[in-house]
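To start, the structure under review is shown below, and the notes come after it.
The values are calculated or read from the model by the stated rules, or taken from the named source; none is laboratory data. Values in this document were obtained by computation on a predicted structure and should not be read as measured data. Cβ sites come from the backbone with ideal geometry, for glycine too, and all protein chains shown count toward neighbours. Accessible surface is based on the protein model in full, side chains and every heavy atom, while ligands, DNA and RNA are left aside. Shrake-Rupley method; radii C 1.70, N 1.55, O 1.52, S 1.80 Å.
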Amino acid sequence: MTRVINVAILGATGSIGQQTLDVIDRNPGRLRLFGLTEGTRSARRSAEHLIQGQAGEPDFDARVHAMVTDPRCDLVVVAIPGARALAPTMAALEAGKEVALATKEVLVMAGALVMKAAGQRGIRPVDSEHSAIWQCLWGERRESIRRLIITASGGPFWAHPDLDLDQVTVEQALNHPRWSMGPKVTIDSATMMNKGLEMIEAHHLFGVPLGQIEVIIHPQSAVHSLVEFVDGSLKAQIGRPDMRLPIAVALGYPDRLPDAVPPTALDELGPLEFYPLDEDRFPAVRLARSAAQAGGGRPAVLNAANEEAVNAFLAREIPFTRIIQTVERTLEAFPGGDDGLEDILEADRWARAYVKSKSGSLKP
Ligand code: MG
């Protein structure tokens, strides 16, 4: 009989956190809610650890640390957005916990350090593309991989090549054709920076060089990603665009939890299309690749500058195309740093301060 797994959720209020609670509720003999953190919204849950507040508050951080390092905790789901997820992720890994990671920024900023702390256990991906690649790689050897192919829906603008991206509104950018997600990742999907971040994430998760990771447009979002092997075989994972599946895969591993989502009816999928990414119209992937190849804190700068620029766009301070331009200018201005944890956090702070200091001149 399988032992019940004690699960802690960092960030239970958001979309991933809510769907994780759903997966736990539906698998009571297998999963148990050990603890959770949430924003200031009132608690509706009974759990041993119920932590309200914001990362950065000393009491909150101390209680999160105690929860994720508690000997009874088995698995930590990391779903708090942004750089604040880094410290509790490292604490959980150093305490020997399994980590299911939804916050891609953690790997973008500090992938080498995080994967070193994870050791042989590795990290269980929650991002749908990485869950797909992970599933394609079960039972395969690293040396058998030729390339990873990350699919992108294209976001709201890819299918409209005549649209002037300088003029698009916040509402248009938030109108994602396939996935329902938070505003930050939805804007990242529209600029394609989401795919740039996911490329860096895949590089660290699976130990595959950046030059062997590609992005292709797949408007139907049915194929969640693919792996090509040295013999020419191509494996894909197909499913509904429903995050409960990658969450269930991460929580159930190495078993599969029954009925996580309704099965995919192949005859209802319709034609599946794949197109190359236009890197001139959407330069974010190229920018992310070169930042990751250069290293020295640049992925952290890419991530932080992007986050600040997305916030400025959502606040209607800059036009859509200025998001990626801001990231590019910030990377150009960055003097370069080292790859230790403190250096990475410093690069993050530097980039945020730089974008804010330039915010006047970034406006049209
Ligand atoms: Mg994704």
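Taking residues in the range 288-312 that are of a type in the set (A, V, I, L, M, F, W, C), and partners anywhere that are outside any helix (DSSP H, G or I) and open to solvent by 10 Å² or more (accessible area, probe 1.4 Å), the pairs with Cβ atoms closer than 7 Å and at least 6 places apart or on different chains are Val301/Phe334; Ala309/Ile318; Ala312/Ile318.
Listed here are the residues, each with its yes/no results for (1) at pLDDT 95 or above; (2) assigned by TED's automatic domain parsing to the domain that holds Ser144.
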site	(1), (2)
Leu205	yes, yes
Leu226	yes, no
Ala250	yes, no
Tyr253	yes, no
Ala265	no, no
Glu268	no, no
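If only residues of the range 196-215 that are among the hydrophobic types (A, V, I, L, M, F, W, C) and more than 14 Å from the ligand (Cβ to nearest atom) are counted, the one that is surrounded by the fewest Cβ atoms within 10 Å (Cβ to Cβ) is Leu210.
Residue count for the range 112-146 satisfying the condition of being more than 16 Å from the ligand (Cβ to nearest atom) and either in a helix (DSSP H, G or I) or under 20 Å from the mean Cα position of the chain (by Cα) (or both): 15. Just so you know, in the range 6-17 the residues that are modelled with pLDDT of 95 or more and in contact with a Lys or Arg (Cβ under 7 Å, 6 or more places away or on another chain) include one that is farthest from Gly39 (Cα to Cα), and it is Asn6. For the range 66-78, does any single residue satisfy the condition of being open to solvent by 20 Å² or more (accessible area, probe 1.4 Å), at pLDDT 95 or above and either within 16 Å of the ligand (Cβ to nearest atom) or over 21 Å from Val4 (Cα atoms) (or both)? No, the range 66-78 contains no residue that is open to solvent by 20 Å² or more (accessible area, probe 1.4 Å), at pLDDT 95 or above and either within 16 Å of the ligand (Cβ to nearest atom) or over 21 Å from Val4 (Cα atoms) (or both). Scanning the range 97-111 for residues that are within 15 Å of the ligand (Cβ to nearest atom) and in a strand (DSSP E or B) gives Ala100, Leu101.
I need the strands (runs of 3 or more DSSP E) fully contained in the range 161-267, keeping only those with at least 2 residues that are over 19 Å from the mean Cα position of the chain (by Cα).
The qualifying strands (runs of 3 or more DSSP E) are 223-229, 234-238.
Among Gly297, Gly211, Gly232, Gly252, which is under 19 Å from Val126 (Cα atoms) and not aliphatic (A, V, I, L, M)? Steps first, answer last, please.
Working: Gly297 fails: under 19 Å from Val126 (Cα atoms); Gly211 fails: under 19 Å from Val126 (Cα atoms); Gly232 fails: under 19 Å from Val126 (Cα atoms).
The match here is Gly252.
Given the criterion buried (at least 21 other Cβ atoms within 10 Å of the Cβ) and at pLDDT below 95, identify the matching residue among Thr37, Thr20. The match here is Thr37. If you take the residues of the range 332-350 that are among the charged types (D, E, K, R) and open to solvent by 40 Å² or more (accessible area, probe 1.4 Å), which of them is modelled with the lowest pLDDT? Filtering first and then ranking leaves Asp339. Figure legend. Inter-residue proximity from the range 124-137: first residues closer than 15 Å to Ile213 by Cα, second residues among the basic types (Lys, Arg), beta-carbon distance below 8 Å, spacing 6+ or different chains. Indicated pairs: Trp134/Arg124; Cys136/Lys235. When residues in the range 149-195 are screened for being within 14 Å of the ligand (Cβ to nearest atom), more than 26 Å from Val208 (Cβ to Cβ) and small (Gly, Ala, Ser), 3 of them pass.
Residues are listed down the side, and each one gets a yes or a no for (1) farther than 23 Å from Pro219 by Cβ; (2) among the acidic types (Asp, Glu):
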site: Ala117; (1), (2): yes, no
site: Gln135; (1), (2): no, no
site: Leu163; (1), (2): no, no
site: Asn175; (1), (2): no, no
site: Asp188; (1), (2): no, yes
